[in-house]
Every structure is written in C-alpha cells, then in structure tokens.
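These notes are about the structure you will find just below.
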Amino acid sequence: MTFKSTPNRCIQHDGEEIWISRSVTVLPVLFCVSKGTQYVPLGLRGEDLPEAVGLWGLPGGYLDYDETTTQAVYREVWEELGLDIPKLRESFRFEGNLDHPYEVYSQPLRRQNVTLKYALMFHLEDADLPPLNPQVSKGEVVEAKWVEVKTALSMTLAFNHHEVIQECLDRCYS
C-alpha cells in the first residue's frame, strides 16, 4: 500500500525531544472471528520506540499531516500488522465504523492529547486468520501475532490495551 501523508518529525532542542505532529493518535481495536473463536492481532513493541518496549499492544499511532483519521487507521494497521483493511472489508463481513471513532479520549499524556478509538470486527466464518507481516522495522514492531481475545484480556499489554479491548467489546459488541 502507498500513502501520501507527510510523516511527523522529531527534533532535539536543549536536550529535549520535541515532536512536530498533530498530537492525535488513532487506536484501531481490531478483532477477527475465525471458526467460532475471536482473535485480536498484537504487535511486540521494539527497542526504537520511546515507551513500552518489549510489551505487546494494539496497532496505532499518530495522525500524519495530510491524512484523514480513516487513512491513518488503514496506514497504522498496514505498517504494524501488514493487514490491508480495504481488502478485508471486500472479503469478509465487517462490523464497525471507519468514519467515526467509538470514543474520543482526550487526556494530555505522553506525546498525544487526543486518542481516537475505532472498533473493527471482521467475521471470517471458516476462513483462516490472515497472515501478519509488519511493514516497519523490527525496532518498531519485533513481531506480530494473533491472540485469542480471552488470552489477550489476561495479558499485561502496553498502555493498558487489555482494558481497551474489554471496553471496546462491552461498548460495541456486547
């Protein structure tokens, strides 16, 4: 996939790291139901990231300049998992809304001020889970894997993503 967005940049000033970005992140909470079991794809955070290195987490990241939030969801899922959301939508039944997040979380933590959470569920019926193939360096995502949701909920995930997964299920898919 090709994207036309302008990436965010980081500069160093007086020993401080300053990000030039839109300070908005997208957090796709993606599920696939295959053969009656619900899965969530997780990525192992690499050593080049500023936080939560060595923890598993959901895909997500900053909204780049010149892109919509939907485009950012597509890009982040592609970069961190190697999944093509438009192709998945063509191939499988989809529940969710890519035009509107299910939650806008505004808490000035770390580097972002606003997080847009998107609930995405694909029903694969009897199809196998699609392969995961991160498109970024191992310094960003060491590996990606499908995890049964019940297992993911018992894991300690980066940024309390296990709580985000449960919240998403309760609010959007109960």
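Laid out as a table, the results:
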item	result
Test set (1) surrounded by 16 or more Cβ atoms within 10 Å (Cβ to Cβ); (2) within 14 Å of the chain's Cα centre (by Cα) - Leu169 fails condition number	(2)
The range 29-57 residues that are closer than 30 Å to Glu125 by Cα, paired with ones that are among the acidic types (Asp, Glu) and assigned to a loop (DSSP other than H, G, I, E, B) (beta carbon under 7 Å, 6 or more apart)	Ser34/Asp128; Lys35/Asp126
Among the candidates Val73, Val33, Val53, residue that is buried (at least 16 other Cβ atoms within 10 Å of the Cβ), within 19 Å of Glu140 (Cα to Cα) and in contact with a strand residue (DSSP E or B) (Cβ under 7 Å, 6 or more places away or on another chain)	Val73
Residue in the range 98-114 that is modelled with pLDDT under 95, surrounded by 14 or more Cβ atoms within 10 Å (Cβ to Cβ) and among the aliphatic types (A, V, I, L, M) present	yes
Hits in the range 58-68 - residues which are of a type in the set (Ser, Thr, Tyr) and more than 12 Å from the chain's Cα centre (by Cα)	Tyr65, Thr68
Residue that is surrounded by the most Cβ atoms within 10 Å (Cβ to Cβ) [pool: residues in the range 124-147 that are of a type in the set (D, E, K, R) and closer than 25 Å to Phe94 by Cβ]	Lys145
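Quick grid of which residues meet (1) in a loop (DSSP other than H, G, I, E, B); (2) of a type in the set (A, V, I, L, M); (3) modelled with pLDDT of 95 or more:
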site: Ile11; (1), (2), (3): no, yes, no
site: Trp19; (1), (2), (3): no, no, no
site: Arg22; (1), (2), (3): yes, no, no
site: Pro28; (1), (2), (3): no, no, yes
site: Val33; (1), (2), (3): no, yes, yes
site: Val40; (1), (2), (3): no, yes, yes
site: Val53; (1), (2), (3): yes, yes, no
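The values are calculated or read from the model by the stated rules, or taken from the named source; none is laboratory data. Keep in mind that this is a model prediction, so the values were computed, not measured. Cβ: placed from backbone, ideal geometry, glycine included. Neighbour counts: every protein chain shown.
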